[in-house]
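Below is one structure, written out as structure tokens; comments come after it.
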Amino acid sequence: MDPTTDNAGSSDRARSSLEALRTEISKAVVGQDPAVTGLVVALLCRGHVLLEGVPGVAKTLLVRALAASLELDTKRVQFTPDLMPSDVTGSLVYDARSTEFSFQPGPVFTNLLLADEINRTPPKTQSSLLEAMEERQVTVDGTPRLLPDPFLVVATQNPVEYEGTYPLPEAQLDRFLLKLTVPLPAREDEIAVLQRHAEGFNPRDLRAAGVRPVATAADLEAARSAVAKTSVSPEIAAYVVDVCRATRESPSLTLGVSPRGATALLSTARAWAWLTGRDYVTPDDVKALALPTLRHRVQLRPEAEMEGVTADSVITAILNHVPVPR
């Protein structure tokens, strides 16, 4: 068999599995397709996601449905003001029988970690996730311990209730590949949600709702390999750089996108191009992922914020202004 044909077949099977993943999640979550797509893109890019939305828009359910559809090990941590770093990473525990200390893994040792309301815990505990997110390992008592693969952190935060919260510092925000907003559903979607509940839908029992694993870790690995082979022309790379450099020159921003952010935008655009069935990246792919990839990597000037300017509006204006390669 021709290896090229075999690789194409593997890529197509992986793409079909991930398309089925999006369909499977919709059995539990109604009307949040952009957020679902963003989570799939993050999995393909080995990145982490910050989910922002008011309470009650199915942020937690969305993550649980993703884990159930992928047959991944998942754990949830409710971040609170009294949560300690060792409650996340694990700690050394003294064993009286062996008279030795043994490592007790924390909830971070999983495939999919849901960090619920991450901005409700102090910076010391927030920072305990930094090494795990960036290095895919946890160091306790000087010994590094590798995390499983795949490993994805999905953190949630509430955008309206700031009393008793600790805003994430820029250094940690930059560790998130995407910031996805989970809006209130449209009227038709909200009616569909109520109808499901009237028919007996139980969000705590996804198996009864018909959510089944439709993609394996092997499918995900094949998909990641295919994404890595998606070609990027020099013109597209230059376009990504021009967009990111424009944020550094915007009069509305005090902080623009770093080179790490440019790399992230290129990665997410490649994943989106592959998901849509192409083996090359277009300017439209860059535009499609620019907002979720860059909105948390810029900082507004206070005067611009007072005038109602948002990070999304600044990035959109930049996308409309920067010349698109032909």
Which residues, counting only those in region 262-281, are over 13 Å from Ala226 (Cα atoms) and surrounded by fewer than 19 Cβ atoms within 10 Å (Cβ to Cβ)? Thr263
Does region 109-148 hold any residues that are in contact (Cβ under 8 Å) with a residue 12 or more places away in the chain, acidic (Asp, Glu), at negative phi and buried (at least 16 other Cβ atoms within 10 Å of the Cβ), and which are they? Asp116
Of all residues in region 305-326, which are of a type in the set (A, V, I, L, M, F, W, C) and more than 23 Å from Leu180 (Cβ to Cβ)? Met306, Val322, Val324
Looking only at region 4-15, decide whether some residue is assigned to a helix (DSSP H, G or I), surrounded by 21 or more Cβ atoms within 10 Å (Cβ to Cβ) and either more than 12 Å from the chain's Cα centre (by Cα) or modelled with pLDDT of 85 or more (or both). yes
With the requirement that a residue be free of Cβ contacts under 8 Å to residues at least 60 places away in the same chain and under 30 Å from Ser16 (Cα atoms), what does region 287-309 give you? Lys287, Ala288, Ala290, Leu291, Leu294
Give the residue, chosen from Asp242, Asp312, Asp284, that is in a helix (DSSP H, G or I), surrounded by fewer than 19 Cβ atoms within 10 Å (Cβ to Cβ) and touching a residue at least 40 places away in the same chain (Cβ under 8 Å). Asp242
Name the single residue that is modelled with the highest pLDDT among those in region 156-174 being among the β-branched types (Val, Ile, Thr) and touching a helix residue (DSSP H, G or I) at 6+ places or on another chain (Cβ under 6 Å). Thr156
Scan of region 106-144 for residues that are more than 28 Å from Ser69 (Cβ to Cβ) and not in a helix (DSSP H, G or I), ordered by number: Thr121, Pro122, Ser127, Thr139, Val140, Asp141, Gly142, Thr143, Pro144
Pick from Ala290, Ala311: which is within 21 Å of the chain's Cα centre (by Cα) and closer than 18 Å to Pro159 by Cβ? Ala311
Arg326: passes all of (1) part of a loop (DSSP other than H, G, I, E, B); (2) buried (at least 19 other Cβ atoms within 10 Å of the Cβ) but (2)
Checklist (1) under 15 Å from Leu147 (Cβ atoms); (2) open to solvent by 20 Å² or more (accessible area, probe 1.4 Å); (3) under 23 Å from the mean Cα position of the chain (by Cα) applied to Phe103, failing item: (3)
May I ask you to list the residues in region 48-78 that are more than 18 Å from the chain's Cα centre (by Cα) and within 17 Å of Ile118 (Cβ to Cβ)? Pro55
Being in contact (Cβ under 8 Å) with a residue 40 or more places away in the chain and among the aliphatic types (A, V, I, L, M) is the requirement here; does Ala96 meet it? no
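The values are calculated or read from the model by the stated rules, or taken from the named source; none is laboratory data. Note that the coordinates shown come from a computational prediction; the quantities given were computed from them, not determined experimentally. Glycine gets a Cβ as well: all are built from the backbone with ideal geometry, and neighbour counts include every protein chain shown. Accessible surface is based on the protein model in full, side chains and every heavy atom, while ligands, DNA and RNA are left aside. Shrake-Rupley method; radii C 1.70, N 1.55, O 1.52, S 1.80 Å.
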